[in-house]
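K.L.:
One structure follows; several queries about it will come next.
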Amino acid sequence: MIVKQIIEVVRECGQILVHADRTQAGTQIKHGQSNNLVTQYDKAVQEILRKKLLDIVPQAHFVGEEEDVHESIAMGDAFIVDPIDGTTNFVKDYKCSAISVAMTHDGIQEIGVVYQPYLDELFYAQRGKGAFCNGIPIHVSDKPLNQGLTLFGSASYYTELTDESFRLLRLCFDRSMDIRRSGSAAVDLCTIAAGRAELYFELRLQPWDYAAGALIVQEAGGTVTRVEGGDIDLTKPCSVLAVGTGVDIEFLRTET
Ligand code: LIP
């Protein structure tokens, strides 16, 4: 079964993160942005994922964060991979990062696997077959926001979005019990899927940040859209809003 094979590969890669020697991380800045980092571990884990995932599905396209060329996912099978989601957390040994692997067919997610190795929490979903954490079924919260937590991402690579991010965060904060910021979109989406928080938003993410986690939220009974409405896009960056069943998001739309 493909999902079990993907899980095995992702678990193996998770151990690389847990046992990493940060003195050998070779941390570099990406795109000239001092807060956008990549390490030798990102590249090494991505290469291992590429080899092992294509051993499982040889004909699949491969899209990874640390890639110069992104193959099309519109037709056939494809893997959309973030080898270390939460790279800054990894560099800082903050112990909140994830390996995120989505498998799509004709541009639609069929399998999502997200592994948070520091907690040994392996989240996965297959379209139409539910969502799980370490084999146990998970479901989003049914609580309203005033009985819940807001998770947010600061979209820190896109400073032109900072004012709007914090404007929306204030709207959420005023309506929530409190806010949290993990530094990993994939972890945040799985936190929503597991019913541990009620709303997550981030004004811009790359497809590899959310392709797997979005399916896991949907299969856990939640809703994932762009913040401004409409479906998320797996071919280019977009905003992401993920909610449980008890949250009325109109306040975000009317005041946006
Ligand atoms: C990160 C996301 C995080 C976001 C960061 C960055 P990376 O992914 O998971 O939620 O706020 O800007 O995009 O770059 O660590 O793989």
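K.L.:
When you scan region 209-228, do you find a residue that is touching a residue at least 60 places away in the same chain (Cβ under 8 Å), under 20 Å from residue 160 (Cα atoms) and under 10 Å from the mean Cα position of the chain (by Cα), even just one?
P.N.:
Taking every residue of region 209-228 in turn, at least one turns out to be touching a residue at least 60 places away in the same chain (Cβ under 8 Å), under 20 Å from residue 160 (Cα atoms) and under 10 Å from the mean Cα position of the chain (by Cα).
K.L.:
Hey, another quick one. Residue 26 versus (1) farther than 26 Å from residue 235 by Cβ; (2) in contact with a Leu (Cβ under 7 Å, 6 or more places away or on another chain); (3) in a loop (DSSP other than H, G, I, E, B): which is the lone unmet condition?
P.N.:
It fails just one condition, (2).
K.L.:
Hey, can you tell me all the residues within region 156-212 that are of a type in the set (D, E, K, R), outside any helix (DSSP H, G or I) and within 20 Å of residue 81 (Cβ to Cβ)? Before you say what the answer is, go through the steps one by one.
P.N.:
So the first thing to find is which residues in region 156-212 are of a type in the set (D, E, K, R), and the list is 160, 163-164, 167, 170, 174-175, 178, 180-181, 188, 196, 198, 202, 204, 209.
Within this subset, residues satisfying the condition of being outside any helix (DSSP H, G or I) are 178, 180-181, 196, 198, 202, 204.
202, 204, listed by residue number.
K.L.:
Any idea which of 216, 232 is within 15 Å of the ligand (Cβ to nearest atom), open to solvent by less than 70 Å² (accessible area, probe 1.4 Å), of a type in the set (A, V, I, L, M) and part of a helix (DSSP H, G or I)? If you could, list the steps in order and put the result at the bottom.
P.N.:
Details: 232 fails: part of a helix (DSSP H, G or I).
Only one candidate passes the filter, namely 216.
K.L.:
When both residues are 6+ apart or on different chains and their Cβ atoms are under 6 Å apart, which pairs have a first residue that lies in region 140-153 and is touching a residue at least 40 places away in the same chain (Cβ under 8 Å) and within 16 Å of the ligand (Cβ to nearest atom), and a second that is open to solvent by less than 10 Å² (accessible area, probe 1.4 Å) and assigned to a helix (DSSP H, G or I)?
P.N.:
Correct list of pairs: 150/172; 151/188; 153/185.
K.L.:
If you take the residues in region 154-180 that are free of Cβ contacts under 8 Å to residues at least 40 places away in the same chain and in contact with a Leu (Cβ under 7 Å, 6 or more places away or on another chain), which one is farthest from the ligand (Cβ to nearest atom)?
P.N.:
Residue satisfying both the conditions and the ranking: 177.
K.L.:
Just a yes or no: is a residue in region 5-21 out of contact with any helix residue (DSSP H, G or I) (no Cβ under 7 Å at 6 or more places or on another chain), over 17 Å from residue 117 (Cα atoms) and open to solvent by 60 Å² or more (accessible area, probe 1.4 Å)?
P.N.:
Looking through region 5-21, none of the residues is out of contact with any helix residue (DSSP H, G or I) (no Cβ under 7 Å at 6 or more places or on another chain), over 17 Å from residue 117 (Cα atoms) and open to solvent by 60 Å² or more (accessible area, probe 1.4 Å).
The rows are residues; the columns are (1) among the polar types (S, T, N, Q); (2) touching a Leu at 6+ places or on another chain (Cβ under 6 Å); (3) surrounded by 20 or more Cβ atoms within 10 Å (Cβ to Cβ).
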| site | (1), (2), (3) |
| --- | --- |
| 113 | no, no, yes |
| 124 | no, no, yes |
| 127 | no, no, no |
| 131 | no, no, yes |
| 136 | no, no, no |
| 139 | no, no, no |
| 146 | yes, no, no |
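The values are calculated or read from the model by the stated rules, or taken from the named source; none is laboratory data. Quick caveat, the model's predicted, so the values are computed rather than measured. When we count neighbours, we look across all protein chains shown, and the Cβ atoms used for this are built from the backbone with ideal geometry, even at glycine. Surface accessibility is based on the protein's heavy atoms, side chains included, excluding ligands, DNA and RNA. Shrake-Rupley method; radii C 1.70, N 1.55, O 1.52, S 1.80 Å.
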